[in-house]
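Here's the structure, in structure tokens; my notes come after.
Here, each number is a calculation from the coordinates, and none is a lab measurement. Only a predicted model underlies this, so the values are computations on that prediction, with no experimental measurement involved. Neighbour counts run over all protein chains shown; Cβ positions are idealised from the backbone, glycine included.
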Amino acid sequence: MQVTMTVNGKSYTRDVEPRLLLVDFIRSELALTGTNIGCDTSQCGACTIHLNGKAVKSCTVFAVQAAGAELTTIEGLAGTGLHPMQQAFWDKHGLQCGYCTPGMIMTAVKLVERHGGTLSEEEIRHGLAGNLCRCTGYQNIVKAVQQAATEMGGGD
């Protein structure tokens, strides 16, 4: 099947098998390897992207289901420079190995956009519950999201 979608502001058309997962399309067909494959069971969140403005685990979507969609991956989040969430993860040491970081950042951006600039630690932890980090213990991740939330301002 032929699919066309916009990824990070650029239109792509490719022939794909109907069973190709979106995460594999992003990594293999588009060579955007910031989106990671962590568990193949949709539990870890390492593959989280923005699909039509929502944070989605791309291992749960077939590429054909994203036909006509607009996607943003970690590579397209900032444009030029770093997005405030990326900068906050850097500033607050919200990562260690970095494997979960792209998905964590993509989820956190939508969490802040949805809920605004003042999020409690509990709200952040709840909002990131679908993203697993095996290295950090989450304290600095929470601090990073709080910093970015302040910088990003209000929500909807």
Checklist entry - If contacts are Cα pairs under 8 angstrom and at least 6 residues apart, what is the relative contact order of the range 2-76 in percent? => result 41 percent
Item to check | Integer Hz, Karplus 6.51/-1.76/1.60 couplings in order for the range 10-22, x for Gly and Pro | outcome: 10, 7, 10, 10, 9, 8, 9, 6, x, 8, 5, 6, 4
Checklist entry - Give or take rounding to whole Å, what are the principal axis extents of the alpha carbon atoms in the chain, in descending order? => result 45, 29, 24
Item to check | Dipole magnitude (debye, nearest 20) for the chain, charges at Cβ of Lys, Arg, Asp, Glu | outcome: 140 debye
Item to check | Positive-pole candidate from M106, I141, Q96, dipole of the range 84-152, charges at beta carbon | outcome: Q96
Item to check | Rounded to whole Hz, the Karplus (6.51, -1.76, 1.60) HN-Hα couplings of the range 128-135, x for glycine and proline | outcome: 9, 4, x, 10, 9, 10, 8, 10
Checklist entry - Which net charge results when you count Lys and Arg as +1 and Asp and Glu as -1 among the other residues whose beta-carbon is under 12 Å from that of G9? => result -1
Item to check | Flagged links, alpha-carbon separation over 18 Å, of K110/K143; K54/K143; K57/K92 | outcome: K54/K143; K57/K92
Checklist outcome for this item: Restricting to Cα pairs under 8 Å and 6 or more apart, the percent relative contact order of the chain works out to 25 percent
Item to check | Relative contact order for the range 84-152, counting Cα pairs under 8 Å that sit 6 or more residues apart, in percent | outcome: 55 percent
Next on the checklist: Which three extents, in angstrom, do the Cα atoms of the range 56-97 have along their principal axes, listed largest first?
Outcome noted: 38, 23, 12
Checklist entry - Given H placed on each backbone N at 1.01 Å, which residues far from L21 in sequence or on other chains put an amide H within less than 5 Å of it? => result A63
Checklist outcome for this item: Expected vector for the range 65-76, Karplus 3J(HN,Hα) from phi with 6.51, -1.76, 1.60 and θ = phi - 60°, integer Hz, x for Gly and Pro, equals 6, 9, 4, x, 8, 10, 10, 10, 9, 4, 5, x
Checklist entry - What ranking do 99-107, 5-13 get when scored by the average of other Cβ atoms within 10 Å per residue, highest first? => result 99-107, 5-13
